[in-house]
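Below is one structure, written out as structure tokens, with a few remarks after it.
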Amino acid sequence: MVNFVVTISTLNMNNTSLLHCYFLSVNVEQTKDTFIASILTSILNAVFSLMTTTGNFIILYVIWKKQELHSPSFILFSLAASDLVVGVICQPFFVAYHIAEFVGDFNAYCVLRIIQSLFSYAATSVSLATLSGISIDRLLALTLHLRYNTVVTFRRTVLANFAVWIGSAALVLVNFWKITVWIFLAVAGLLLTFLVTALSTLKIFRIVRRHQRQISQQQQSVQRNTVNVLRLRKSSVTVLYVYGLILIFYLPLLVTIFMYNSTGYTTRVKIAFDCVTTVVFIGSFLNPFVYCWRMREIRRAVKNLFRMNQNEVTSLESRTMSRQ
């Protein structure tokens, strides 16, 4: 299949005919606008790749190192891992397949763009499914009370995350089988995750509102429980922030997909895809800032990490000066 596509591409590399690289449409037409768009988006992705990787690696590191962050409620690890995939794989391969396009190597272009697309789809699926999982987890923490720690265990959380990654990988591989089936499953999954997150968060807000009404009537022990409920509401709001951020960054992509289905993979659509894909990837760079802003435990752990590193640097400089 690849050799057949490459043979065709060699004959048509200088015309405007559309080629196909498995499930991907390809437009080989090179204009001034496509060249500028490719250069600018490649530079942005190269820069943000480093920052996205660094930010999400720090989040993963502090969660891994801090024992108190190992509770099942911090399914955030999987969310940060999907954003790390964007920085480590999706953005570098975005730059790489554009370079292959510049030099006219369609074989490399096809392989690199397929890898970038598959990992992008998988990271998106994991992010949306994980956000729904976090909202369900917060709801269970409110409704199960003392039974929560026996029902939602760390082992079950790990298995659930593992299932999400395997399911997401299986979903994107459907592209190679039948693209129409994949589109149907992708739209259904998007709607399902949105519905689950919205309904779970709405239920949490209703429970919190009921607890707030009881504050003045409760004893001190119940008041402490109300404080815990308010903390759960805050974490649920954080999920909404991240989910809203994803929707905001993905909205231009959905519009571009609609344009593609209406007009085909034209030069204008090609430029739009480069731009909106870059915007989507930048969202993965912003998520660690949302975690630090909304989650005190994460913020404290990150501050302690930098403080510890600063102390080590200061100590090393002091020893160096003393030896001199």
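Within the range 137-155, is there a residue that is assigned to a helix (DSSP H, G or I), of a type in the set (A, V, I, L, M, F, W, C) and within 25 Å of residue 285 (Cα to Cα)?
Looking through the range 137-155, none of the residues is assigned to a helix (DSSP H, G or I), of a type in the set (A, V, I, L, M, F, W, C) and within 25 Å of residue 285 (Cα to Cα).
Can you name the residue in the range 246-283 that is part of a helix (DSSP H, G or I), small (Gly, Ala, Ser) and out of contact with any Phe, Trp or Tyr (no Cβ under 6 Å at 6 or more places or on another chain) and is also modelled with the lowest pLDDT among such residues?
So, considering only residues that are part of a helix (DSSP H, G or I), small (Gly, Ala, Ser) and out of contact with any Phe, Trp or Tyr (no Cβ under 6 Å at 6 or more places or on another chain), the one modelled with the lowest pLDDT is 262.
Only one residue in 109, 97 is free of Cβ contacts under 8 Å to residues at least 40 places away in the same chain, farther than 21 Å from residue 168 by Cα and crowded, with 19+ Cβ neighbours inside 10 Å, so which one is that?
The conditions single out 97.
Among the residues in the range 81-104, are any within 24 Å of residue 291 (Cα to Cα), out of contact with any Leu (no Cβ under 9 Å at 6 or more places or on another chain) and of a type in the set (D, E, K, R)?
Yes: the range 81-104 contains one or more residues that are within 24 Å of residue 291 (Cα to Cα), out of contact with any Leu (no Cβ under 9 Å at 6 or more places or on another chain) and of a type in the set (D, E, K, R).
Of the residues 188, 160, which is of a type in the set (Gly, Ala, Ser) and either buried (at least 16 other Cβ atoms within 10 Å of the Cβ) or part of a loop (DSSP other than H, G, I, E, B) (or both)?
Unique residue meeting the criteria: 160.
For the range 114-136, indicate whether the set of residues that are modelled with pLDDT of 85 or more, surrounded by fewer than 13 Cβ atoms within 10 Å (Cβ to Cβ) and more than 15 Å from the chain's Cα centre (by Cα) is non-empty.
For the range 114-136, residues modelled with pLDDT of 85 or more, surrounded by fewer than 13 Cβ atoms within 10 Å (Cβ to Cβ) and more than 15 Å from the chain's Cα centre (by Cα): absent.
State all residues of the range 1-38 that are part of a helix (DSSP H, G or I), at pLDDT 80 or above and either among the basic types (Lys, Arg) or more than 15 Å from residue 277 (Cβ to Cβ) (or both); if no residue qualifies, say none.
32, 33, 35, 36 - these are the residues of the range 1-38 that are part of a helix (DSSP H, G or I), at pLDDT 80 or above and either among the basic types (Lys, Arg) or more than 15 Å from residue 277 (Cβ to Cβ) (or both).
The values are calculated or read from the model by the stated rules, or taken from the named source; none is laboratory data. Keep in mind it's a predicted model, so treat the numbers as computed, not measured. No Cβ is skipped: glycine too gets one built from the backbone with ideal geometry, and neighbour counts run over all protein chains shown.
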